[in-house]
1. Which members of the stretch 119-144 meet the condition of being away from the ligand (no atom under 16 Å from the Cβ), assigned to a strand (DSSP E or B) and of a type outside the set (D, E, K, R)?
2. If the Cβ limit is 9 Å and pairs must be 6+ apart or interchain, which residue in the stretch 145-169 that is part of a loop (DSSP other than H, G, I, E, B) pairs with which residue that is acidic (D, E)?
3. Quickly run through the stretch 40-67 and pick out the residues that are within 16 Å of the ligand (Cβ to nearest atom) and in contact with a Ser or Thr (Cβ under 7 Å, 6 or more places away or on another chain).
4. As an exercise: evaluate A81 against (1) in a loop (DSSP other than H, G, I, E, B); (2) modelled with pLDDT of 95 or more and give the number of the one condition it does not meet.
Amino acid sequence: MAFPCFALRFYAQSMSEETLWQKQSRNNPQQAKNYIQAFATLRTAGKDLHGEARFVDALLQRNARVLDAGCGTGRVGGELARRSHRVTGIDLDVELLTQAREDFPDSRWVHQDLSTFELNDNDLEPEVFEAIICTGNVLPFLAPGTSEAVVQNLARHLAEDGRLVIGFSLEKTYSLIQFEKDLEAAQLGFVARFSTWDMREFSEDSDFIVALLSRNAH
Ligand SMILES: C[S@@+](CC[C@H](N)C(=O)[O-])C[C@H]1O[C@@H](n2cnc3c(N)ncnc32)[C@H](O)[C@@H]1O
């Protein structure tokens, strides 16, 4: 007997490896609340929280399709929606997604695993985006061993001339060497790399990378 598609997806997700973010939440159930509170405190203190959104916005025509992969509270995707883009966010943390839906009700917030997610258009082809973004250390919080599948899945949902923008700390578990391997496997290449969201130069001493990526030319 054939399984309906939703049953297969449910099965795949229920079999997903625990992400490092989920593991941290298991050890500290206050993690999501603290994350939400930390940004609320920074906002109240008048801190500039939109460096990532400005960087991405500068790459795009108006009304572009943007996928915020590992969106958390939607703080970056929501700001891009405010700047007129059509935003979809994906995350596994229900508490953070609830906050995203509350703060940015006009965008689409989806509960799926980045290593297995599928968004399809009306012809059941992968839905594609002019920009896919991973901000705030999404890759270092994936389940161990899933980064290649995640990067390939992101590439599958990237428009032909789309841009993938990934920023993460190089001081955590996910290394630059692994990142470069994952990009090669997904046939993605660097357009540019920086050490900060305001585009400071990247060097071998940098502890953070902002990678601007596109499909490799064939
Ligand atoms: C540090 S938070 C960053 C959230 C947001 N991008 C930001 O900049 O505020 C990392 C996020 O990655 C998400 N994440 C990690 N692995 C994931 C996976 N396999 N699928 C979906 N989301 C994942 C976590 O649930 C968490 O919300």
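The values are calculated or read from the model by the stated rules, or taken from the named source; none is laboratory data. Predicted, not measured: the structure shown is a model, and the values here were computed from it. Cβ placement follows ideal geometry from the backbone for every residue including glycine, while neighbour counts extend to all protein chains displayed.
1. Of all residues in the stretch 119-144, those away from the ligand (no atom under 16 Å from the Cβ) come to 120-128, 130.
Narrowing the set further to residues that are assigned to a strand (DSSP E or B) leaves 120, 126, 130.
Hits for the stretch 119-144 are N120, P126.
2. Every condition considered, the pairs that remain are G145/E17; T146/E17; T146/D113; H157/E118; H157/E127.
3. To start, the set of residues in the stretch 40-67 that are within 16 Å of the ligand (Cβ to nearest atom) comprises 40-43, 47-57, 66-67.
E52, L67 - these are the residues of the stretch 40-67 that are within 16 Å of the ligand (Cβ to nearest atom) and in contact with a Ser or Thr (Cβ under 7 Å, 6 or more places away or on another chain).
4. Only one criterion in (1) in a loop (DSSP other than H, G, I, E, B); (2) modelled with pLDDT of 95 or more is unmet by A81, namely (1).
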